[in-house]
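Engineer: Here it is: the structure, laid out below.
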Amino acid sequence: MDFNNKHVIITGGSQGIGFATAKAFIQHGATVLITGRNAESLRKAADEINSSNLQTLVADTSNMAGIMALEKVVAQSGKSVDVLYLNAAIGVYTPIQYVTEADFDAQFNTNVKGHFFTLQKLIPHLADGASVIFTSSGVVSAAGTASSVYSATKAALNKIADIAVNELAERKIRVNIVSPGPIQTPGLLSLATAETQAYLATRSALQRLGDAEEVANTVLFLASADASYVNGANIAVDGGSIQYMLK
Ligand SMILES: NC(=O)c1ccc[n+]([C@@H]2O[C@H](COP(=O)([O-])OP(=O)(O)OC[C@H]3O[C@@H](n4cnc5c(N)ncnc54)[C@H](OP(=O)(O)O)[C@@H]3O)[C@@H](O)[C@H]2O)c1
């Protein structure tokens, strides 16, 4: 895959799936801008990638100020965006009975509002024929306890993506979704105990957690010319999800 002269934006790129994807795009010749809230994490990511093709920006996607800061940098660059990867998210796992308004709002603001308005503000900067990719999650087709708000944010995102497919088609912009299963990232490791991780591995037909690079490879495919007729797809990267195990 050749991404030379392609300009990629990744929200939530300082660690985990976003970071692995930034690294992979740079290895394939792209210039990449990654965002995150924490300047120190972005600096570490930049040190590790160590490429003049990488730019970082502190921008909180959960509020309009952060989104407009990203829009400003993109506008000032004078470059149109070939790949927009909307990836930043947070997850707070709590049974419905105990969810706070603050946790509800934080997840919807980051995982739904943030992506919606980032897409909206960057539409004028997208190249005709660009690729937009959303990170959703396999949780949408499951019903795991304590995941009601997080799962609802991802279901909402899927619907926004569905509609963007049709609204952007006139400009030949493709919109696709990648839905990871349990992937070993700092985000997952901070949420799940070793016991939970081992349990999550048993829910995959391949009986293991995935790596961030395995999601990145799928994102690169979706963004590439090889996927030129792939539009409106939702690709699971979960090793094959087991819903029921009858013995
Ligand atoms: N790992 C999994 O098992 C899994 C499974 C299904 C779906 N996913 C989805 O995959 C995506 C990436 O997950 P991950 O596991 O790689 O997460 P992660 O390790 O927690 O990394 C999340 C990234 O997003 C950034 N971020 C969080 N909130 C932000 C905000 N408001 N504004 C800007 N950046 C923000 C974080 O940086 P800062 O903290 O510095 O802002 C970080 O760079 C998410 O959409 C997640 O829902 C993950």
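Engineer: From the helices alone, meaning DSSP H stretches of at least four residues, give me the mean residue ellipticity at 222 nm for the chain, per-run term -39500 (n - 2.57), in deg cm²/dmol to the nearest 500.
Structural biologist: It comes out at -12500 deg cm²/dmol, rounded to the nearest 500.
Engineer: Could you rank Ser136, Ser148, Ser228 by how accessible they are, 1.4 Å probe, largest area first?
Structural biologist: Ser228, Ser148, Ser136
Engineer: Once amide H atoms are placed 1.01 Å from N in the peptide plane, what residues at a sequence separation of 5 or more from Ala236, or on another chain, have their amide H within under 5 Å of its amide H?
Structural biologist: When sequence neighbours closer than 5 places are left aside, the close amide H contacts are Ser179.
Engineer: Return the carbon/sulfur percentage of the accessible area of the chain, one whole number, probe 1.4 Å, all protein chains in place.
Structural biologist: 53 percent
Engineer: Counting only protein chains, not ligands or nucleic acids, how are His7, His125, His28 ordered by accessible area (probe 1.4 Å), most first?
Structural biologist: Result, largest first: His28, His125, His7.
Engineer: For Ala233 and Glu195, compute 0.36 nm times the residue count separating them, minus their Cα-Cα distance, and round to one decimal in nm.
Structural biologist: Contour length minus Cα-Cα distance gives 10.4 nm.
Engineer: Can you say what percent of the DSSP beta bridges in segment 79-195, counting only those with both residues inside, are antiparallel? Round to 5.
Structural biologist: Of all bridge pairs located within segment 79-195, approximately 0 percent are antiparallel.
Engineer: So who's got an amide H within less than 5 Å of the one on Val132, skipping anything under 5 residues away but keeping other chains? H placed 1.01 Å off N, in plane.
Structural biologist: For Val132, the qualifying residues are Leu84, Arg174, Val175, Asn176.
Engineer: If a/c stays under 1.5 just call it rounded; otherwise compare a/b with b/c (prolate if a/b is bigger, oblate if not). Do that for segment 1-159, with a ≥ b ≥ c from the square roots of the Cα gyration tensor eigenvalues.
Structural biologist: Details: a/c = 1.84, a/b = 1.74, b/c = 1.05.
It is prolate, given that a/c is not under 1.5 and a/b is the larger ratio.
Engineer: Taking θ = phi - 60°, what integer Hz values does the Karplus form 6.51 cos²θ - 1.76 cosθ + 1.60 yield along segment 51-60, in sequence order, with x for Gly and Pro?
Structural biologist: 3J(HN,Hα) across segment 51-60, in whole Hz: 9, 6, 7, 9, 10, 10, 8, 6, 7, 8.
Engineer: Also: Just to confirm a number: summing +1 for Lys and Arg and -1 for Asp and Glu over residues other than Val83 whose beta-carbon lies under 11 angstrom from that of Val83, what do you get?
Structural biologist: +1
Engineer: Averaged per residue, what accessible surface does the chain expose to a 1.4 Å probe, in Å²?
Structural biologist: 49 Å²
Engineer: Using the Cβ atoms and a cut-off under 14 Å, what net charge is assigned to the surroundings of Asp238, where Lys and Arg are +1 and Asp and Glu are -1?
Structural biologist: Values: positive: Lys154, Arg203, Arg208; negative: Asp211, Glu214.
Surrounding charge for Asp238 is +1.
Engineer: Which cross-chain or sequence-distant (5 or more) residues have an amide H under 5 Å from the amide H of Ile183, H modelled 1.01 Å from N in plane?
Structural biologist: Residues meeting the criterion, in which the H sits 1.01 Å from N, are Gly210.
Engineer: Pop out the ³J(HN,Hα) list for segment 126-141 in order, Karplus 6.51 cos²θ - 1.76 cosθ + 1.60 with θ = phi - 60°, rounded to Hz; leave Gly and Pro as x.
Structural biologist: Taking θ as phi minus 60°, the curve returns 6, 5, 4, x, 5, 10, 10, 10, 9, 8, 9, 6, x, 4, 4, 9 Hz for segment 126-141.
Engineer: To the nearest 20 debye, what is the magnitude of the charge dipole of the chain about its Cα centre, counting +1 on the Cβ of each Lys and Arg and -1 on the Cβ of each Asp and Glu?
Structural biologist: Rounded to the nearest 20 debye, it is 120 debye.
The values are calculated or read from the model by the stated rules, or taken from the named source; none is laboratory data. It should be emphasised that the depicted structure is a prediction, and the values quoted were computed from it without experimental measurement. Neighbour counts run over all protein chains shown; Cβ positions are idealised from the backbone, glycine included. Keep in mind that these areas ignore ligands, DNA and RNA; they rest on the heavy atoms of the full protein, side chains included. Shrake-Rupley method; radii C 1.70, N 1.55, O 1.52, S 1.80 Å.
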